[in-house]
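First comes the structure, then the notes that go with it.
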Amino acid sequence: GAVWLLVIYLLSKNYLQALTRVIARRRLGDDANVLADPAGLALLRSRLLDPHPAVAIYALNKLEALDERAVAEALPNLLRHPAPEVRREAFARVERGKLHDLAGAVQTRLAAESDPAVKEAGLRALGAISGGAPQLVQALHQPDAQARRGALIGLLKYANDPAAGRVLRRLRARA
């Protein structure tokens, strides 16, 4: 009995090490089911915090294929990830999923965001989840073109606010 326990322990340890290497190299292929066990899911969740953006985004994609709820739970932390690529991807997931529960986290992160591409994605997400018309209208006056583009897309795609409608009519009249 003790020998089998030792064998199982060693095999599980090797499995996790091999899985970690595969994720780090982003070579798992399209079969996300390889990671469907609890150890694989835990490993993917831990890799979301990897400082290398490609590894974190790869883990995010694989985790999304297995457990969308886990991704939604991880997004508030991903909005604060040190890599702008990961923050941009997190905002895109909020927009795509219209995750209204994350409106506060999105607004908080937008207030602190300095990367133009990430700010654009954040404004689009804000439009998708809150209508955020006043904040989006205000962003139309920012000097950064990407922020203006994100605000405009957020307004055009998602805003139902009468003030947003007036702004959009004025913009169309100028064109």
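The values are calculated or read from the model by the stated rules, or taken from the named source; none is laboratory data. Here the structure is a predicted model, which means the values were calculated and not measured. As a convention, Cβ positions derive from the backbone with ideal geometry for all residues, glycine included, and neighbour counts pool all protein chains shown. In case anyone asks, the SASA skips ligands and DNA or RNA and just uses the protein heavy atoms, side chains included. Shrake-Rupley method; radii C 1.70, N 1.55, O 1.52, S 1.80 Å.
Name, by its number, the condition in (1) in a helix (DSSP H, G or I); (2) open to solvent by 30 Å² or more (accessible area, probe 1.4 Å); (3) hydrophobic (A, V, I, L, M, F, W, C); (4) more than 30 Å from R169 (Cα to Cα) that does not hold for L63.
(2)
Scan A54, A70 and give me the residue that is in a helix (DSSP H, G or I), more than 25 Å from A139 (Cβ to Cβ), in contact with a Leu (Cβ under 6 Å, 6 or more places away or on another chain) and at pLDDT below 95.
Working: A54 fails: in contact with a Leu (Cβ under 6 Å, 6 or more places away or on another chain).
Answer to the selection: A70.
Taking the options L123, L49, L110, L79, name whichever one is buried (at least 21 other Cβ atoms within 10 Å of the Cβ) and more than 14 Å from G150 (Cα to Cα). Lay out the reasoning, then the answer.
Working: L123 fails: more than 14 Å from G150 (Cα to Cα); L49 fails: buried (at least 21 other Cβ atoms within 10 Å of the Cβ); L110 fails: more than 14 Å from G150 (Cα to Cα).
When all the criteria are applied, what remains is L79.
Among the numbered criteria (1) under 28 Å from A42 (Cβ atoms); (2) outside any helix (DSSP H, G or I), which one does H141 miss?
(1)
Scan L79, L49, L60 and give me the residue that is farther than 20 Å from G97 by Cβ and modelled with pLDDT of 90 or more. Working first, answer last.
Details: L79 fails: farther than 20 Å from G97 by Cβ; L60 fails: farther than 20 Å from G97 by Cβ.
On inspection, the qualifying residue turns out to be L49.
Answer yes or no as to whether P116 is open to solvent by 10 Å² or more (accessible area, probe 1.4 Å), over 30 Å from P51 (Cβ atoms), more than 12 Å from the chain's Cα centre (by Cα) and modelled with pLDDT of 90 or more.
No: the conditions fail for P116.
If A139 passes every condition in (1) at pLDDT 90 or above; (2) within 30 Å of P38 (Cβ to Cβ) but one, which one does it miss?
(2)
Is it the case, given these coordinates, that R96 is charged (D, E, K, R) and surrounded by 18 or more Cβ atoms within 10 Å (Cβ to Cβ)? Step through it out loud before you land on a result.
Values: charged (D, E, K, R): yes; surrounded by 18 or more Cβ atoms within 10 Å (Cβ to Cβ): no.
For R96, the condition - charged (D, E, K, R) and surrounded by 18 or more Cβ atoms within 10 Å (Cβ to Cβ) - is not met.
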